[in-house]
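See below for the structure under consideration.
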Amino acid sequence: MKNNSDKTKSNIVLIGMPGSGKSTCGVLLSKLSCKDFLDTDLLIQQSEGMRLQEIIDTKGTDYFACAEERILSELRAENTVIATGGSAVCYESAMKNLAENGVIVYLKITFDCMMERITDLATRGILLHEGETMLDMFRSREALYMKYADITVDCEESAVALNVAKILGEYEKYLNG
């Protein structure tokens, strides 16, 4: 996937841990890059007619995972900043689809930063399998983010505008590689 001849890819796909700023940075990034914005968590909610945590609570984690994988695998977009859910990297077919027309940008944060930023853990809709802790989830996903990323950007900075500037800078460097 890591191929600097990706100038024809019109999407910027944001991946990262819950709380890394995918949705928040994505909105500003879309404005500054003159691209549309799409939040895949919202697509899942619209498709299912309920909030993410409701889907997990009423239909279970396996159902949620299937719904998320289906939506991400079928997603078609052009010239769009796509903010994915934190578990998007768990589905190879979804990541392959997103990478076909997108540069994958990993918004990297530490475990401590993630836990500081997530204040609504019980209602946020984070996909945790039975017996899995947040630290387990962090460790298993971190390797997947690195695997799929074309670009990695440290997003520990709390100022959204600074993180977006870093993302744009790295994206431009990548395209001009």
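The values are calculated or read from the model by the stated rules, or taken from the named source; none is laboratory data. The shown structure was predicted, so the numbers you read here are calculated from the model rather than taken from an experiment. Every residue, glycine among them, receives a Cβ derived from its backbone with ideal geometry; neighbour counts consider all protein chains shown.
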- Filter the stretch 58-101 down to residues that are exposed (fewer than 15 other Cβ atoms within 10 Å of the Cβ) and assigned to a helix (DSSP H, G or I), then give me how many there are. 10
- Message: Checking the conditions here, which among 114, 50 is touching a Ser or Thr at 6+ places or on another chain (Cβ under 8 Å), touching a residue at least 60 places away in the same chain (Cβ under 8 Å) and hydrophobic (A, V, I, L, M, F, W, C)?
- Response: 114
- Leading residue by the ranking (modelled with the lowest pLDDT) among those in the stretch 10-27 that are closer than 17 Å to residue 156 by Cβ and among the aliphatic types (A, V, I, L, M): 17
- Task: Name the residue, out of 107, 127, that is under 14 Å from the mean Cα position of the chain (by Cα) and either assigned to a loop (DSSP other than H, G, I, E, B) or without any contact (Cβ under 8 Å) to a residue 24 or more places away in the chain (or both).
- Result: 127
- Message: Given the condition free of Cβ contacts under 8 Å to residues at least 24 places away in the same chain, of a type in the set (A, V, I, L, M) and assigned to a helix (DSSP H, G or I), answer yes or no: does some residue in the stretch 148-163 qualify?
- Response: yes
- Within the stretch 128-151, which residues are closer than 14 Å to residue 18 by Cα, exposed (fewer than 13 other Cβ atoms within 10 Å of the Cβ) and among the hydrophobic types (A, V, I, L, M, F, W, C)? 135
